[in-house]
Amino acid sequence: MRLKNKVAIITGVGSGQGRSASILFAKEGAKIAGGDWKREDGEITTSTVKSAGGEMVFAQGDVSSAKDCQNLVRTAMSSFGRIDILYNNAGVGFSSPLSMGDILNTPEEDWDRVLAINLKSMYLMCKFAIPEMIKSGGGSIVNTASIAALIGSEAAHAYTASKGGMLALARALAVEFGPKNIRVNTICPGVIDTPMIAPVIDPLKKSGQPFMTSPIRRLGTPEDIANCALYLASDESSFVTGANFVVDGGYIAQ
């Protein structure tokens with residue numbers, strides 16, 4: 001088992017990449033403390049993990065809230081006594097009612113909310129989890145950004161800014177806390193078949209049009225991202241920090 005006896009906090013466990021990571025990490029021996037703002041979805045993931053023989057506890061909360069982030073860290077500590085892995089996976093995107101338009105068409109309150117959920121959450125979770133990780137001798141922080149952080153687009157400017165900020169913050173954290181044996185890396189997914197981007201890909205699926213925009217002629221899956229996160233969370237990546245892993249089927253290589 002690649003994560004035997006490790007404790008992992010994963011945010012956004014209610015669906016998509018967070019659910020897949022919870023199931024995979026538990027299968028590989030980790031004890032999971034999961035967070036999500038949707039209680040029912042989070043509890044379904046928790047039940048799925050437990051039914052497969054894994055260990056998982058769940059705390060409902062909003063990752064843009066300091067109180068809720070601190071509660072998730074406390075839940076992990078009270079349940080398992082340590083934190084080895086922090087996977088900042090929760091985020092908001094195209095399935096949200098918040099604006100995914102350009103800056104001219106993005107209300108200020110939507111801009112603030114997108115950055116709070118996607119970027120401020122990383123700050124908050126790290127703020128509360130890193131001291132506990134240091135006490136445990138270090139660990140791995142994995143963040144879910146996006147290829148939007150690496151390329152320009154005609155819309156989703158708040159989303160793009162938030163994901164670009166995650167890359168910059170991850171590099172800074174890697175430098176700051178590397179001497180404390182804490183590694184910090186970021187995954188930049190491409191088009192992954194999750195509820196977050198359903199408004200974009202569902203019309204293509206219904207029309208029967210193949211999704212052919214990347215060299216690997218398929219949509220990415222949540223498992224594709226979870227497998228990358230597993231490597232970064234495990235000791236196999238012990239000399240990897242401050243890095244950005246693009247998992248996009250080759251889309252931005254074109």
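So the values come out like this:
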read-out: At most 14 other Cβ within 10 Å, DSSP loop - trypsin sites (Lys or Arg not before Pro), the stretch 117-219; value: Arg217, Arg218
read-out: Peptides ranked, highest mean first, by Cβ atoms within 10 Å: ranges 52-59, 5-12, 69-76; value: 5-12, 69-76, 52-59
read-out: Loop-located GluC sites (Glu not before Pro) in the stretch 118-185 whose Cβ has at most 16 other Cβ within 10 Å (DSSP); value: Glu154
read-out: Shape of the stretch 1-87, Cα gyration tensor, a/c cut at 1.5; value: oblate
read-out: Heavy atoms of Leu173: accessible area, 1.4 Å probe, square angstrom to 10; value: 20 Å²
read-out: Length-normalised contact order of the chain in % [C-alpha pairs under 8 Å, at least 6 apart]; value: 20 percent
read-out: Solvent exposure of the chain as accessible area per residue, Å², 1.4 Å probe; value: 46 Å²
read-out: Accessible-area order (highest first, 1.4 angstrom probe) of the listed residues Phe245, Phe25; value: Phe245, Phe25
read-out: Three-way shape label, the stretch 122-233, alpha-carbon gyration tensor, a/c 1.5; value: prolate
read-out: Nearest-0.05 FRET efficiency for Ala172 and Phe239, computed from C-beta distance (R0 30 Å); value: 0.95
read-out: List Trp37, Trp111, ordered by accessible area with a 1.4 Å probe, largest first; value: Trp37, Trp111
read-out: Pairwise label distance in nanometres, Glu154 with Ile252, each label 7 Å out on the Cα-Cβ vector; value: 2.0 nm
read-out: Segment Glu55-Ala198, extension gain: residue separation times 0.36 nm, minus the distance between their alpha carbons; value: 48.5 nm
read-out: C-alpha center-to-center spacing [the stretch 153-179, the stretch 25-99] in angstrom; value: 21 Å
read-out: Accessible-area order (highest first, 1.4 angstrom probe) of the listed residues Arg19, Arg39; value: Arg39, Arg19
read-out: The stretch 7-100, accessible surface, carbon-and-sulfur percent (1.4 angstrom probe); value: 46 percent
read-out: Full-stretch length increase - Lys4, Ser95 - with 0.36 nm per residue and alpha-carbon distance subtracted; value: 29.3 nm
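The values are calculated or read from the model by the stated rules, or taken from the named source; none is laboratory data. These figures come from a predicted structure and were not determined experimentally. Counting neighbours? That spans all protein chains shown, and the Cβs are built from the backbone with ideal geometry, glycine included. Each accessible area value is taken on the protein alone, full model and side chains, heavy atoms only, with ligands, DNA and RNA left out. Shrake-Rupley method; radii C 1.70, N 1.55, O 1.52, S 1.80 Å.
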